[in-house]
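Colleague: My structure is below; once you've seen it, I'll send some questions.
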Amino acid sequence: MDVKTFLIRVFTWWNGQTFGTQLWTARHGELIGQDDAGNSYYREKGGRISPALGFERRWVIYNGEADASRIPPEWHAWIHHIVDVPPSRQTVVAREWWKPHRPNLTGTPGAYRPPGSTLAQNRRPAATGDYKAWTPGR
């Protein structure tokens, strides 16, 4: 591991796994599978039930920037304990309503800004004439 990678793992949490997560995963984790984006999914070794949680601990290590919206629907169901069998151990049929991933653009210039927003670059809808200004004393 080069110095840059080491420093990134020590000082950032949003880019891949931290050094602490890497140690925890090596000691307690069992790789269950990977998705098409390269995210890796883990659970406690042997499916052990966590005494603190009362159920099996599951986690994801993102390939790149940590963005929960990058988890595909089939893995989302597994990591949130909606299904017990991970997608890597069964055939998953894509639903017609599943859409391809679009990154979360919040906080970027590409973020959605509804009409009337102060950040919408003066794209405010025209007044409709049904507004009457309040005048004190009337």
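The values are calculated or read from the model by the stated rules, or taken from the named source; none is laboratory data. Source: prediction; values computed, not measured. Cβ coordinates were reconstructed from backbone atoms using ideal geometry, including for glycine residues, and neighbour counts include every protein chain displayed.
Colleague: What about ARG70, is it of a type in the set (Lys, Arg), buried (at least 16 other Cβ atoms within 10 Å of the Cβ) and under 30 Å from LEU119 (Cβ atoms)?
Modeller: Against the criterion (of a type in the set (Lys, Arg), buried (at least 16 other Cβ atoms within 10 Å of the Cβ) and under 30 Å from LEU119 (Cβ atoms)), ARG70 qualifies.
Colleague: Identify all residues within the stretch 60-110 that are free of Cβ contacts under 8 Å to residues at least 40 places away in the same chain and at positive phi; write none if there are none.
Modeller: HIS81, GLY107
Let's see how each residue does on (1) at pLDDT below 85; (2) loosely packed, with under 10 Cβ neighbours inside 10 Å:
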{"position": "THR25", "(1), (2)": "no, no"}
{"position": "GLY29", "(1), (2)": "no, no"}
{"position": "ASP36", "(1), (2)": "no, yes"}
{"position": "ARG57", "(1), (2)": "no, no"}
{"position": "ARG102", "(1), (2)": "yes, yes"}
{"position": "LEU105", "(1), (2)": "no, no"}
{"position": "THR118", "(1), (2)": "yes, yes"}
{"position": "GLN121", "(1), (2)": "yes, yes"}
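Colleague: Name the single residue that is nearest to ARG89 (Cα to Cα) among those in the stretch 9-54 being within 20 Å of the chain's Cα centre (by Cα) and aliphatic (A, V, I, L, M).
Modeller: Filtering first and then ranking leaves ILE32.
Colleague: Counting just the residues of the stretch 1-23 that are farther than 27 Å from PHE55 by Cβ and in contact with a strand residue (DSSP E or B) (Cβ under 7 Å, 6 or more places away or on another chain), which one comes out surrounded by the fewest Cβ atoms within 10 Å (Cβ to Cβ)?
Modeller: Filtering first and then ranking leaves ASN15.
Colleague: Something else now. Please determine whether any residue of the stretch 72-79 is at pLDDT 85 or above and farther than 28 Å from GLN22 by Cβ.
Modeller: no
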